[in-house]
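Read the structure below first, then the notes.
The values are calculated or read from the model by the stated rules, or taken from the named source; none is laboratory data. Computed from a predicted structure; not experimentally measured. Don't worry about glycine lacking a Cβ; one is built from the backbone with ideal geometry, like all the others, and counts go over all protein chains shown. Heavy atoms of the whole protein, side chains included, go into the accessibility calculation; ligands, DNA and RNA do not. Shrake-Rupley method; radii C 1.70, N 1.55, O 1.52, S 1.80 Å.
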Amino acid sequence: MKQFASLLAAALLGSVVTLSAYQWFNKNQQQQNVKIEHINGVPSAQVAYRINEKGEAVALDFTGTAEKVTKAVVHIRSSQNSNSIARERDANDPFQFFFGPNGPMERGPSQSSGSGVIINADGYIVTNNHVVKDADILEVTFSDNKTLKAEVIGTDPDTDLAVIKVNQKDLPFLSFVDSDKSRVGEWVLAVGNPFNLNSTVTAGIISAKGRNINIINSNNPATRNGQQPNSAIESFIQTDAAINPGNSGGALVNLDGGLLGINTAIASPTGSYSGYGFAVPSNIVSKIVEDLLAFGTVQRGWLGVEVRSIDSDLAKEENLSLNEGAYISGFGDAEEKSAAKDAGIKPGDVVVKIDEAPIKSSTALIEYIGRKRPGDKIIMTIDRKGKTLVFPVTLKNRRGNVETIKRETKDAISTLGVDLEDVDSKVLRKLDLENGVQVKSLERGKIEKYTDMRAGFIITRIDNIGVKSAKEAINILSKKKTGDLITFEGVYPDYPREYIYALRM
């Protein structure tokens with residue numbers, strides 16, 4: 001029995017050893033058969049296709065376009081020199097002449113940033129007006145991190161566009177393409193510097209065209225309060241390519257790298273990207289740029305009409321048989337200067353075509369006329385109570401003629417935004433002053449922007465020179481040049497402590 005048990009144990013031990021050896025050998029063989037492969041190059045992303053200008057099917061690839069475009073898109077930093085200081089001065093404390101009772105109350109420089117597109121090898125750059133507005137210093141940083149100072153060549157608040165220039169030659173640039181030929185659904189890239197992240201590229205499609213979102217000039221108090229009409233020209237290209245703060249002034253391009261528009265605004269409840277961005281079409285941009293370079297200001301053709309887009313309510317209200325077009329509701333306050341009225345157009349007419357361009361909305365009409373200059377001739381096709389009429393129209397400027405508008409040059413007083421008047425000698429004696437001129441009013445200008453000066457302030461000295469009359473003060477100020485420091489010393493009649501205000505022209 002003991003012999004049988006020994007044999008059984010030996011058999012079991014042999015089976016275990018054999019099974020273990022087999023499993024080890026099989027596992028080792030499996031490990032040796034596993035292969036890890038490395039593929040040289042990059043994974044293919046060419047899973048979609050598009051039709052190029054030649055009608056050929058080519059792989060959808062953004063890399064070549066992105067490389068080309070980023071070299072021509074710059075980062076713009078805008079600074080406002082707020083060297084403005086307001087101080088109270090106590091005659092018993094000589095140090096307060098310089099520092100005031102609690103030290104100088106100086107406003108720090110204001111800075112903002114955006115993007116720009118190089119449109120000429122000689123250093124001309126297009127951007128948004130709101131990027132460079134009121135800037136004292138402009139710095140442009142290129143894709144290779146080189147930074148140069150820039151000057152403003154011209155601005156157009158009505159389209160929120162501006163042209164600036166750097167002193168540099170042989171720069172990479174983008175060429176304009178015909179934005180009228182762009183189509184909804186077309187792939188586009190947005191290139192800019194959102195949140196100071198240089199050379200950012202996003203992709204999307206054109207979501208819509210001819211959008212009016214009532215954003216340009218909306219911050220102008222006179223426009224907002226109805227004191228003057230909103231003369232903005234809005235006919236944006238809408239895109240779902242991600243656009244954020246800092247993209248303003250950047251490029252919207254097609255997949256061939258052609259400039260389709262200048263990114264300008266976003267529709268967002270939060271201030272950041274929420275799905276839609278808006279760009280000024282290249283056909284508007286090119287016209288504005290040409291005018292600013294040639295004339296220093298925009299030569300804007302003026303039709304002299306008030307228009308509304310036709311919708312079902314308007315069609316029912318005016319008994320119209322059309323579902324689209326630009327309805328002429330009147331000629332505004334300058335009826336005698338209206339080019340449309342002179343040509344025979346009447347209130348109640350519906351514009352359906354200008355030249356060969358169909359007009360389906362008031363936005364389309366405003367955009368088309370916005371590309372024209374005073375003296376340009378157009379052919380307007382009108383529907384008048386179901387009857388088609390054709391009118392040749394010669395566009396005017398806002399003054400009612402066809403002359404070129406010259407760029408207005410501001411003198412020092414206008415730049416400062418101050419209106420001065422002489423002070424009655426009795427008031428001076430009451431305040432124990434030997435001389436002074438009074439600030440009658442302050443308009444939009446550098447004094448209002450950079451200081452806390454209020455109307456009623458009596459200026460006794462300008463740059464440490466006593467002034468006895470408004471004429472003397474204006475003579476001193478009129479000799480000031482950009483960058484000069486100006487100091488105003490004086491008092492308020494109701495608070496007889498001396499104040500000093502300082503700012504740069």
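Residues checked against (1) out of contact with any His (no Cβ under 6 Å at 6 or more places or on another chain); (2) assigned to a helix (DSSP H, G or I); (3) open to solvent by less than 30 Å² (accessible area, probe 1.4 Å):
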| position | (1), (2), (3) |
| --- | --- |
| 260 | yes, no, yes |
| 291 | yes, yes, yes |
| 300 | yes, no, no |
| 307 | yes, no, no |
| 315 | yes, yes, yes |
| 328 | yes, no, yes |
Hits in the stretch 239-278 (condition: more than 20 Å from residue 176 (Cα to Cα), polar (S, T, N, Q) and out of contact with any Phe, Trp or Tyr (no Cβ under 7 Å at 6 or more places or on another chain)): 268, 270, 272, 274
Would you be able to say whether some residue in the stretch 176-183 is outside any loop (DSSP other than H, G, I, E, B), modelled with pLDDT under 95 and among the acidic types (Asp, Glu)? yes
Within the stretch 484-503, which residues are open to solvent by less than 40 Å² (accessible area, probe 1.4 Å) and within 13 Å of residue 464 (Cβ to Cβ)? 486, 487, 488, 489, 490, 500, 502
Suppose we filter 400, 370 for residues that are within 27 Å of residue 279 (Cβ to Cβ), touching a residue at least 60 places away in the same chain (Cβ under 8 Å) and of a type in the set (Gly, Ala, Ser); which single one remains? 370
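Hey, does the stretch 297-306 have a residue that's under 21 Å from residue 179 (Cα atoms) and hydrophobic (A, V, I, L, M, F, W, C)?
Looking only at the stretch 297-306, we keep the residues that are under 21 Å from residue 179 (Cα atoms), and these are 298-301.
From what's left, hydrophobic (A, V, I, L, M, F, W, C): 298.
There is at least one residue in the stretch 297-306 that is under 21 Å from residue 179 (Cα atoms) and hydrophobic (A, V, I, L, M, F, W, C).
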Out of curiosity, is residue 473 surrounded by fewer than 16 Cβ atoms within 10 Å (Cβ to Cβ) and outside any strand (DSSP E or B)? no
How many residues, within the stretch 390-431, are open to solvent by less than 90 Å² (accessible area, probe 1.4 Å), outside any loop (DSSP other than H, G, I, E, B) and over 30 Å from residue 350 (Cα atoms)? 12
Number of positions in the stretch 132-173 that are part of a strand (DSSP E or B) and modelled with pLDDT of 90 or more: 20
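Against the condition open to solvent by 70 Å² or more (accessible area, probe 1.4 Å) and under 18 Å from the mean Cα position of the chain (by Cα), how does residue 193 come out, does it pass? Spell out how you get there, then give the answer.
Numbers: open to solvent by 70 Å² or more (accessible area, probe 1.4 Å): no; under 18 Å from the mean Cα position of the chain (by Cα): yes.
Here the answer is no, as residue 193 does not meet what is asked.
Could you grab me the full set of residues in the stretch 476-501 that are assigned to a strand (DSSP E or B) and within 13 Å of residue 413 (Cβ to Cβ)?
The first filter runs over the stretch 476-501 and keeps only residues assigned to a strand (DSSP E or B), leaving 485-492, 495-501.
The answer is 486, and nothing else.
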